[in-house]
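Below: one structure, written as structure tokens.
The values are calculated or read from the model by the stated rules, or taken from the named source; none is laboratory data. Remember, predicted model here, so these are calculated numbers, not experimental data. Virtual Cβ from ideal backbone geometry, glycine too; neighbours counted across all protein chains shown. The protein model used for the area step is the full one, side chains on, heavy atoms only, and it has no ligands, DNA or RNA in it. Shrake-Rupley method; radii C 1.70, N 1.55, O 1.52, S 1.80 Å.
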Amino acid sequence: MLQATNPPTTESEIVQENSPRESVNRALGIVRRQFAVIALIAVVVTSLGAFYAFMAPPTYTAGSTVAIDPRRVQLFPKATFSEGQIDLPALESEIELVKSEPVALSVIKDLGLAKDPEFLGPQGVFGAVLGFASHFFSASKPNKPLSESEATRAALEVFSKNLAVKRVGLSYHLSIQYRSGNPNRAAQIANAIAEAYIAEQLEGKYDSTRRATQWLQGRIEDLNQKQSLAERAVVDFKKQNDMITADGKLVNEQRIAELNSQLVVAHKQTAEAKARLDRIDAVVRDDSFDTKTGPTVADTLNNAVITQLRTKYLEFVNREAMYARKYGANHLAVVNLRDQIRDLRGSILDELKRIREGYLSNYEIAKQEEQELEKRLAEAVSRSQSVNQARVPLRELESSAQNYRTTYDDFRQRYTESLQQQSFPISDAHILTSASPPSSKSSPKTALVLVLAGAGGLALGVAVGALRDLMNGSFCSRVQVESALQTACISVVPIVKDGKRQTLRHARRAVPDQGSGDGSSSRTIFRDQDLIWTALNSPFSRFAEALRSIKIAIDQNGGAASSGTEAVSKDGKPLYGAAKASSIAKRKREAGAIIGFTSSLPHEGKSTIAASLALLMAQAGTRVILVDCDLRNPSLSRKFAPKAEHGFLDVIVGSVPLEDAVWREPSTNLTFLPVATKTRIENSSEILAAAATKKLFEDLQSNYEYVIVDLSPLMPIVDTRATTRFVDSYICVIEWGCTKIGAVKYAFKEAPNVYENLHGVVLNKANMDRLSTYDSVGGNYYRNKYYGQYGMTD
């Protein structure tokens, strides 16, 4: 079949090269195709917006500002309830308080809004329409007056709808805005809301403080009684357990603490005395100590006797050393000095022993005092054991009494502060700016409404148009055909309007023969103004050029097959029955080509395309025969040979030779084999699948260059599936913008043998003006300004 290696000029290839631009082109195509719908919706929505802008009664918005500041100077610094920084939830609570029903009812009552007609009738543009319509029904249905409560509830509903309260930026300021049809009324109500809010806040603080004061008073009385009972229980318990206190402490505990402190001091003194005694014992036990450099104790430094003896000792030692060097170690003077030194050492040792006796006496005294203190402390601890057992319940009683006392004092202080606050409550808010009557209306903003209505209508129109375009689901471009069916779109045939059908300019129109029906002259096809003759009547039209494109595709199919090249897509997959291409090419080189024209559904123009193509081929001098094989609905036979008595069925059964059954068109020498039957044939598929039918087409193929076969549609009946034994290739005609993609896919799925031999697809009845909106690449080249240079017309 046809090659799939076309130049990279298809839309799918250009999409990959320029995707953003192609997206814009597709969007513009949708807008162009659905322009009427988009424009209609845009006009309707804009008209509704204009109706609202000019019919809605004008409203005016006035606003006042309230500042909330709990950090202001307080008359009573210590309030019953803490007043610190206001957080966001608290600020939201204040906003809800402004919009609360008590504030609204207070304003309605003070200003008498329940009697104001503005607050009793319908609001807005719909209210205006209802009010306008009510004049026509007021005579038949008298208005029933509202009761006071009903009027108040109606005014409250209108009041709430027109009130807006919001926070000003990130500050603690609240903007109170009210909308009304009267600017003075709007400013009056906005100021009244701010005042009512402050009054409601003060009233709330007063009520809270009053309830708190009453509650504190009851708690104080209860705490006073509990405190008295707790203190009395402490006194009774101490009396029962003989527990005497001084300065808030038990006397026994104070005595134990004092004895413990004295015992610590005694332990220290005993340890010091023992250390001095041990030191002097160590010195006395060392008999070989040197009074010049040997060990000593602290008291020897202050002892006059030892100091004097030590001085003499040192003097004799020095003298003994000098004499020994001068006279020798055994000299009598040296020996005498040694004896004196020995006597001095003994005297020093005796004095040390005397000092030791003093240390020993001091140690014994300190030890005796320590033991005495330990004895007294043990006696005190023993006496306090019974008291300590009673301290646990005593502490519980004292703790309970202390808690009651502290709570009682705190509640009395809060009670005093609450009384002060109740007598003079202070609000956290004050009016920062008062509302003044606005000079211009706040709604409706005519320009803004019109702009928004126009933009919204345009957006809605585009959305609806895109939805309609997506739900179309029909074939409208070559790209859709090639993408959905994986086959080539060999031609796009434009729709030919009745007013543009032209007669043949260079050929004389034949006149029907009135002779006998048995002669050859009676089997002549005559021209008329039917669409089939458009290619001959208007040879330079786009319709004729589209038919030539089909012929070129058929001719190229044979050449491509004979070259041995398979029909494949860009990724190498077969597209058009390449497995049978070589056999088809061989048959075409030996004889003519048999081309079957079919469609998925009836009325798609397959018969017109087949007949027009056959006429165009015959006009070029080619031997062409057109065979009507739509046995169930032979439309071509009714058109070209309405009076035929013999035809296709007679030739197959052999009752009539081919020459006696065919009809001819004299100007083009086209041969046509009709179906001469007046009734519907039940076994049409068996006839087409018969060997005689195949033999007939083999004969036709050997005698004609082209055999054009008009077949039945694929979806209603199965006749076309039985023709694969003799048809070389098929051309499927699809009605542009009408035939659904799913229907064609289903038809080919049910007829796979036809799809395998499919030569290509022809998009028929294409609206060339709208085609450019689907084919953003090639659609712009279907214009007459290009065709006109070669004498072509619609």
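If you check ALA164, ALA133, which single one turns out to be open to solvent by less than 60 Å² (accessible area, probe 1.4 Å), at pLDDT below 90 and of a type outside the set (D, E, K, R)?
Residue meeting the stated conditions: ALA133.
Select from the stretch 192-219 the residues that are farther than 17 Å from GLU96 by Cα and either under 42 Å from the mean Cα position of the chain (by Cα) or in contact (Cβ under 8 Å) with a residue 24 or more places away in the chain (or both) and list them in ascending order.
Our first condition is that a residue be farther than 17 Å from GLU96 by Cα; within the stretch 192-219, this holds for 206-219.
Result: TYR206, SER208, THR209, ARG210, ALA212, THR213, LEU216, GLN217, ARG219.
Could you list all residues from the stretch 676-708 that are in contact with a Lys or Arg (Cβ under 9 Å, 6 or more places away or on another chain) and polar (S, T, N, Q)?
If the condition is that a residue be in contact with a Lys or Arg (Cβ under 9 Å, 6 or more places away or on another chain) and polar (S, T, N, Q), then SER684, SER685, THR693, GLN701, ASN703 are the ones that fit.
Which ones in the stretch 676-719 are part of a loop (DSSP other than H, G, I, E, B) and open to solvent by 40 Å² or more (accessible area, probe 1.4 Å)? Step through it out loud before you land on a result.
Initial filter on the stretch 676-719 (part of a loop (DSSP other than H, G, I, E, B)): 676-683, 689-690, 704-705, 711-718.
If the condition is that a residue be part of a loop (DSSP other than H, G, I, E, B) and open to solvent by 40 Å² or more (accessible area, probe 1.4 Å), then LYS678, THR679, ARG680, GLU682, ASN683, GLU705, MET715, PRO716, VAL718 are the ones that fit.
Applying the selection to the stretch 546-557, what residues are modelled with pLDDT of 90 or more and farther than 13 Å from LYS765 by Cα?
ARG548, SER549, ILE550, LYS551, ILE552, ALA553, ILE554
When only residues in the stretch 720-738 that are buried (at least 24 other Cβ atoms within 10 Å of the Cβ) and of a type in the set (Phe, Trp, Tyr) count, which is modelled with the lowest pLDDT?
TRP736
Somewhere in the stretch 390-408, is a residue of a type in the set (Lys, Arg), under 30 Å from THR209 (Cα atoms), open to solvent by 70 Å² or more (accessible area, probe 1.4 Å) and modelled with pLDDT of 80 or more?
Restricting attention to the stretch 390-408, the residues satisfying the condition of being of a type in the set (Lys, Arg) are 391, 395, 405.
With under 30 Å from THR209 (Cα atoms) added as a condition, the list becomes 405.
Among the residues that remain, those that are also open to solvent by 70 Å² or more (accessible area, probe 1.4 Å) are: 405.
Filter once more, keeping what is modelled with pLDDT of 80 or more: 405.
Yes, the stretch 390-408 contains at least one residue that is of a type in the set (Lys, Arg), under 30 Å from THR209 (Cα atoms), open to solvent by 70 Å² or more (accessible area, probe 1.4 Å) and modelled with pLDDT of 80 or more.
Can you spot a residue in the stretch 168-183 that is open to solvent by 70 Å² or more (accessible area, probe 1.4 Å), over 17 Å from VAL66 (Cα atoms) and without any contact (Cβ under 8 Å) to a residue 40 or more places away in the chain?
no
Here are some residues: GLY124, GLY84. Which one is closer than 29 Å to TYR60 by Cβ and modelled with pLDDT under 80?
Values: GLY84 fails: closer than 29 Å to TYR60 by Cβ.
Matching residue, one of GLY124, GLY84: GLY124.
Does the stretch 440-476 hold any residues that are within 18 Å of ILE30 (Cα to Cα), open to solvent by less than 30 Å² (accessible area, probe 1.4 Å) and not in a helix (DSSP H, G or I), and which are they?
Hits for the stretch 440-476 are SER474, PHE475, CYS476.
Taking the stretch 193-239 on its own, how many of its residues are open to solvent by less than 20 Å² (accessible area, probe 1.4 Å) and closer than 14 Å to TYR415 by Cα? Quick ask: steps written out before the conclusion?
Taking the stretch 193-239 and keeping what is open to solvent by less than 20 Å² (accessible area, probe 1.4 Å), we get 193-194, 196-197, 201, 209, 212-213, 216, 220, 223, 230, 234.
Restricting the remaining residues to those that are closer than 14 Å to TYR415 by Cα gives 209, 212-213, 216, 220, 223.
Residues in the stretch 193-239 being open to solvent by less than 20 Å² (accessible area, probe 1.4 Å) and closer than 14 Å to TYR415 by Cα: 6 in total.
Looking at VAL762, is it open to solvent by less than 30 Å² (accessible area, probe 1.4 Å), modelled with pLDDT of 90 or more and in a helix (DSSP H, G or I)?
Details: open to solvent by less than 30 Å² (accessible area, probe 1.4 Å): yes; modelled with pLDDT of 90 or more: yes; in a helix (DSSP H, G or I): no.
Judged against the criteria, VAL762 is not a match.
Exactly one condition in (1) modelled with pLDDT of 85 or more; (2) under 16 Å from PRO102 (Cα atoms) is false for SER180; which is it?
(2) is the only condition that SER180 fails.
Scan the stretch 577-588 and give yes if some residue there is closer than 27 Å to ILE741 by Cα, surrounded by fewer than 15 Cβ atoms within 10 Å (Cβ to Cβ) and at pLDDT below 90, otherwise no. Quick ask: steps written out before the conclusion?
First, the residues of the stretch 577-588 that are closer than 27 Å to ILE741 by Cα: 577-581.
After this cut, where a residue has to be surrounded by fewer than 15 Cβ atoms within 10 Å (Cβ to Cβ) as well, the list is 579.
After this cut, where a residue has to be at pLDDT below 90 as well, the list is 579.
Yes.
List pairs: first in the stretch 721-738 and closer than 23 Å to TYR774 by Cα, second open to solvent by less than 10 Å² (accessible area, probe 1.4 Å) and modelled with pLDDT under 90, Cβ under 7 Å, 6+ apart or cross-chain?
ILE734/PHE475; TRP736/PHE475; TRP736/CYS476; TRP736/ALA766; GLY737/SER474; GLY737/CYS476; CYS738/SER474
Given the structure, is LEU337 in contact with a helix residue (DSSP H, G or I) (Cβ under 9 Å, 6 or more places away or on another chain) and among the aliphatic types (A, V, I, L, M)?
Details: in contact with a helix residue (DSSP H, G or I) (Cβ under 9 Å, 6 or more places away or on another chain): yes; among the aliphatic types (A, V, I, L, M): yes.
When the stated conditions are applied, LEU337 passes them.
Being open to solvent by 20 Å² or more (accessible area, probe 1.4 Å) and touching a residue at least 60 places away in the same chain (Cβ under 8 Å) is the filter; apply it to the stretch 591-621 and report the residue that is nearest to GLU698 (Cα to Cα).
Step one: filter the stretch 591-621 for residues open to solvent by 20 Å² or more (accessible area, probe 1.4 Å), giving 591, 601-603, 608, 619-621.
Restricting the remaining residues to those that are touching a residue at least 60 places away in the same chain (Cβ under 8 Å) gives 591, 601-603, 608, 619.
Working: ALA591: 9, LEU601: 28, PRO602: 28, HIS603: 29, THR608: 25, GLN619: 24 Å.
Among those residues, the one meeting the criterion is ALA591.
Would you mind finding the one in ALA321, ALA329 that is farther than 30 Å from ALA266 by Cα, at pLDDT below 85 and exposed (fewer than 14 other Cβ atoms within 10 Å of the Cβ)?
Working: ALA321 fails: at pLDDT below 85.
Exactly one of ALA321, ALA329 is farther than 30 Å from ALA266 by Cα, at pLDDT below 85 and exposed (fewer than 14 other Cβ atoms within 10 Å of the Cβ), namely ALA329.
Of ALA4, ALA90, which residue is at pLDDT below 85 and under 30 Å from ARG414 (Cα atoms)? Step through it out loud before you land on a result.
Details: ALA4 fails: under 30 Å from ARG414 (Cα atoms).
Just a single option satisfies the conditions, and that option is ALA90.
Tell me yes or no: at least one residue of the stretch 422-438 is more than 54 Å from the chain's Cα centre (by Cα) and either modelled with pLDDT under 80 or farther than 30 Å from GLN177 by Cα (or both). Before the answer, list the steps.
Quick first cut of the stretch 422-438, residues more than 54 Å from the chain's Cα centre (by Cα) only: 423.
Next, from what is left, pick out any that are either modelled with pLDDT under 80 or farther than 30 Å from GLN177 by Cα (or both): 423.
Within the stretch 422-438, one or more residues are more than 54 Å from the chain's Cα centre (by Cα) and either modelled with pLDDT under 80 or farther than 30 Å from GLN177 by Cα (or both).
Could you give me the residue pairs with C-beta distances under 7 Å whose first residue belongs to the stretch 642-664 and is free of Cβ contacts under 8 Å to residues at least 24 places away in the same chain, whose second residue is open to solvent by less than 70 Å² (accessible area, probe 1.4 Å) and not polar (S, T, N, Q) wherever it lies, and which are 6+ apart or on separate chains?
VAL656/ASP650; ALA661/GLY647; ALA661/ASP650; ALA661/VAL651; ALA661/LEU673
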